[in-house]
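Scroll down for the structure; my scribbles are underneath it.
Bear in mind these aren't lab numbers, they're just calculated from the coordinates by the rules spelled out. Not measured: the values here are computed from a predicted model. Ideal geometry is used to build each Cβ from the backbone, glycine not excepted, and the neighbour counts take in all protein chains shown.
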Protein chains: 2
Amino acid sequence: MSHAPELITDAEHLARILAAVPRLPARRVALADGGWVGDVLGRALAADVCSGVDLPGFTNSAMDGYALRAEDAADGELPVVGDIPAGDTRELTCAPGEAWRIMTGAPVPSGTTTVVPVEQSDGGLERVRFTGEVEDGRHIRRRGEDVRIGDVLLRAGTIIAPQHVAVIASAGVDHIEVAPRPRVVVLSTGDELRPAGEALQHGQIHDSNGPMLAALVAAVGAELVEVAHVRDDAGEVARVLERAVATADAVITTGGVSAGAYDVVKAALIEAGEVTFDKVAMQPGKPQGFGLLGERGVPVFTLPGNPMSTLVSFWVFVAPALAHMSGRPAPVWRRGVVRGPGWTCPRGRAQYARVHAVRGADGELAIRANARQGSHHLGELGEANALARVPREARQVETGEMLDVLVLDGPIDAPLAGAYDENVADEKE
Amino acid sequence: MSHAPELITDAEHLARILAAVPRLPARRVALADGGWVGDVLGRALAADVCSGVDLPGFTNSAMDGYALRAEDAADGELPVVGDIPAGDTRELTCAPGEAWRIMTGAPVPSGTTTVVPVEQSDGGLERVRFTGEVEDGRHIRRRGEDVRIGDVLLRAGTIIAPQHVAVIASAGVDHIEVAPRPRVVVLSTGDELRPAGEALQHGQIHDSNGPMLAALVAAVGAELVEVAHVRDDAGEVARVLERAVATADAVITTGGVSAGAYDVVKAALIEAGEVTFDKVAMQPGKPQGFGLLGERGVPVFTLPGNPMSTLVSFWVFVAPALAHMSGRPAPVWRRGVVRGPGWTCPRGRAQYARVHAVRGADGELAIRANARQGSHHLGELGEANALARVPREARQVETGEMLDVLVLDGPIDAPLAGAYDENVADEKE
């Protein structure tokens with residue numbers, strides 16, 4: 001009970017995990033399926049998207065106007081021989097001395113050398129006159145002038161944003177390959193846990209880790225299969241684990257991994273014999289377990305049950321592992337500068353401090369630590385939007401020091417939140 | 001046909017829209033509903049979340065160990081009178097001379113003055129001996145030491161990230177108020193359009209705006225009701241619009257708003273009489289229409305049909321409007337510096353250039369323009385991840401100049417993508 005195994009570093013624990021987790025196969029998404037947009041948005045491309053067509057696919061008009069041979073405009077007035085709306089599938093010819101009324105995006109008849117915008121004409125329907133000079137070769141978009149068949153339109157690894165959806169839709173391909181979304185089961189253990197929104201008896205608490213892990217799994221683009229709440233019963237834990245590893249690509253448990261008599265996850269997994277439990281030199285998040293379970297070698301992450309420990313353990317170990325399984329880049333740690341007061345940090349362990357990060361107008365990422373850093377202090381999370389890593393050898397963090405910082409949500413950098421720039425909103429031209 | 005109405009500025013058009021769009025009511029989400037996490041993640045809180053409970057809710061043990069009165073430890077050995085697992089709902093008392101075996105998170109019996117970790121004991125089940133000194137008042141988390149009933153845990157406006165989900169779950173509340181998600185119908189018009197993945201005839205193109213607008217609606221946190229493809233028939237457009245404004249909170253159309261004979265959206269809406277069509281001094285995106293339709297005054301945005309125009313119009317006009325309707329902050333324009341070659345820009349119109357933006361290690365947001373800036377050049381979108389706004393009076397953009405920049409996707413700043421920092425991954429402690 002009192003033997004203290006050697007501590008390993010967080011980097012060592014992560015390296016073991018990344019060496020062990022499997023790479024899942026890429027997923028083929030057919031564009032003929034109605035739901036493809038929702039299925040690919042925010043995912044990484046697993047292969048280049050090369051164009052299956054020239055773009056434009058046919059030479060077409062850039063304006064609403066008249067298609068003609070430029071030299072005929074000198075005649076003063078031309079007969080309008082017909083209308084060409086966008087979507088007209090006829091293969092037409094523009095003979096000498098003729099004008100066609102044509103819409104933006106419609107195919108120009110062969111023989112056309114220019115399009116005259118309707119604004120530079122009398123708008124005639126049977127005969128047309130032009131105002132001003134008619135220039136040769138204007139307002140025509142030529143087949144393939146944007147993209148040629150075979151051109152690489154999007155590179156593998158691109159995280160698919162809305163503008164890429166337009167490119168994919170136009171590429172003349174019937175499917176794309178995207179990074180897989182690992183299917184994840186979350187197991188939240190503990191007799192003391194009750195679902196959020198329910199009343200509590202003395203000694204009970206609301207389960208915060210189950211919902212938080214569900215949100216974390218979604219936030220990194222994985223697919224949540226289930227959040228199972230399991231009581232403190234090693235047999236039940238074993239049964240639920242067995243069911244989970246039969247279907248999921250990864251399992252995350254929280255709680256039940258310390259030295260206590262009721263640490264049933266540990267008990268169940270030591271029985272299974274394929275999970276290693278380590279003490280990692282970090283704070284919070286010391287007790288960590290990882291292994292591959294079942295015939296398919298499904299990665300199982302056993303995270304400590306304090307909410308702060310669960311949060312930190314997810315970002316430091318599970319998020320990079322899920323990214324690796326998907327062939328996606330792992331979360332980005334950036335450099336930030338301590339702008340609030342410094343703080344004392346634990347001896348002999350890397351500290352993952354909860355901080356508030358703000359990117360200044362000059363691009364500086366400034367961090368302020370929460371006053372308290374307890375592993376059960378949920379209250380502080382209202383302010384925290386980032387983790388800052390203090391190396392193991394540090395004893396004290398000083399104002400002005402640079403630290404590695406992981407931003408945990410969008411507001412400071414994402415395009416979808418924050419104040420609309422006054423310069424744009426208020427500009428009077 | 002040839003009358004040219006006065007151009008208005010992009011700021012003027014946006015101001016008219018923001019003055020007209022309604023504010024939707026906040027939505028109440030009950031935590032007892034299983035799906036609440038997916039329903040609130042990434043949404044803005046519409047009201048503060050105040051704690052309904054003290055946290056911790058009861059005084060409990062921070063360690064697996066023994067609960068006792070510290071002064072009794074001097075006796076050398078104490079009887080273990082029982083086990084207290086986490087979730088034990090009994091209201092127990094620790095009498096003088098007794099020790100209780102207690103697990104992390106379990107309620108400490110009244111009278112307890114300290115918890116001795118199991119590692120500082122012989123681990124006895126019937127009687128226990130302690131090694132080392134027993135300090136009074138250790139390893140006990142006191143009721144309310146983290147949060148008191150009524151404390152503000154999360155402020156209105158917070159974009160709900162996974163760590164906030166843990167706070168909400170623990171707050172002892174049965175519901176929260178979140179920003180509404182406007183229900184949006186997209187109408188993509190044009191006889192020339194075929195769905196992505198289908199074969200094309202001469203004169204036809206794949207519909208890229210429909211899928212892109214579906215993705216854009218999702219990207220800003222609104223709810224997509226439907227992407228309807230409508231043929232170039234003013235009657236059909238009118239019927240689909242009527243159906244859309246009966247149920248949706250906003251309608252976005254693309255195409256059919258120029259001066260052409262087949263500009264059926266314009267025709268249908270001029271009939272309805274409640275939409276204003278303007279020429280906006282911007283490039284791309286000149287022809288813009290906006291109005292409130294139907295009894296409920298549903299905002300309708302008519303965007304030009306070129307994909308670049310649609311993309312720019314969405315980010316410049318529709319995204320701020322949907323944010324305003326939701327009570328969310330609008331997209332953030334940041335300052336970026338031109339690091340590639342400069343370019344010539346259009347006379348008399350603000351230009352929204354498609355650029356590639358990269359945030360450097362020093363925090364600088366550096367942009368490079370795509371070589372071509374045509375409004376139908378889909379090929380360039382593979383590289384573009386941002387828009388840069390060049391003011392109307394500019395004739396030329398110079399290297400080193402600062403511009404307003406809107407990042408269109410996460411990779412440069414978001415926490416979920418990019419290379420894992422070598423400093424962290426490779427650190428050997």
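Numbers below:
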read-out: Antiparallel bridges, percent of DSSP beta bridges restricted to the protein assembly as shown (to nearest 5); value: 65 percent
read-out: GluC sites (Glu not before Pro) restricted to DSSP loop in segment A:57-108 with at most 16 other C-beta within 10 Å; value: A:91
read-out: Chain B: angle of helix B:10-20 to the longest principal axis, Cα-based, in degrees nearest 10; value: 60 degrees
read-out: Positive minus negative residues near residue B:56 (Lys, Arg vs Asp, Glu; Cβ under 9 Å); value: 0
read-out: Fraction of antiparallel bridges per DSSP, chain B only, in percent to nearest 5; value: 65 percent
read-out: Copies compared at residue B:157 - label distances in nm, ascending, label defined 7 Å from Cα in the Cβ direction; value: 3.8
read-out: Estimated vicinal HN-Hα couplings, Hz - segment B:336-341 in sequence order (Karplus 6.51, -1.76, 1.60; Gly, Pro = x); value: x, 10, 6, 9, x, x
read-out: Sparsely packed trypsin sites (Lys or Arg not before Pro) within segment B:1-64, loop by DSSP, other Cβ within 10 Å at most 14; value: B:23
read-out: Inter-label distance, nm, simple model (7 Å from Cα along the C-beta direction), residue A:120/residue B:292; value: 4.2 nm
read-out: Shape call, segment B:60-141: gyration tensor on alpha carbons, a/c limit 1.5; value: rounded
read-out: Equivalent ellipsoid dimensions for segment A:155-201 as semi-axes, Å, which come from the Cα gyration tensor, largest first; value: 44, 14, 9
read-out: Exam field: residue A:177 pseudo-label spacings to other copies (7 Å along Cα-Cβ), nanometres; value: 5.1
read-out: Rg to Rh quotient for segment A:195-342, alpha carbon positions, Kirkwood Rh; value: 0.98
read-out: Cα shape, the protein assembly as shown, gyration tensor, a/c 1.5 rule; value: prolate
read-out: Per-copy distances of the residue B:294 label point, shortest first, in nm (7 angstrom along Cα→Cβ); value: 4.6
read-out: GluC sites (Glu not before Pro) within segment B:221-323: DSSP coil, no more than 15 neighbouring Cβ in 10 Å; value: B:274, B:295
read-out: Chain A, relative contact order [Cα under 8 Å, separation at least 6], %; value: 15 percent
read-out: DSSP bridge pairs, segment B:60-141: antiparallel proportion in percent, nearest 5; value: 75 percent
read-out: Anisotropy class of segment B:334-407 from Cα gyration tensor, a/c 1.5 cut; value: oblate
read-out: Neighbour-count ranking [beta-carbon atoms within 10 angstrom, fewest first] of B:279, A:286, B:266; value: B:279, A:286, B:266
read-out: Compactness of chain A - radius of gyration and Dmax, Cα, Å; value: 30.9, 103
read-out: Cβ-derived FRET efficiency at R0 45 Å, residue A:74 paired with residue B:399, nearest 0.05; value: 0.50
read-out: Volume per residue that the Cα convex hull of segment A:81-222 spans, once the total is divided by residue count, Å³; value: 218 Å³
read-out: For A:81-91, mean number of other protein chain Cβ atoms within 10 Å; value: 5
read-out: Formal net charge of residues neighbouring residue B:39 (Cβ-Cβ distance under 12 Å; K, R +1; D, E -1); value: +2
read-out: Counted charge near residue A:30, where neighbours are those whose Cβ lies closer than 10 Å (Asp, Glu -1; Lys, Arg +1); value: -2
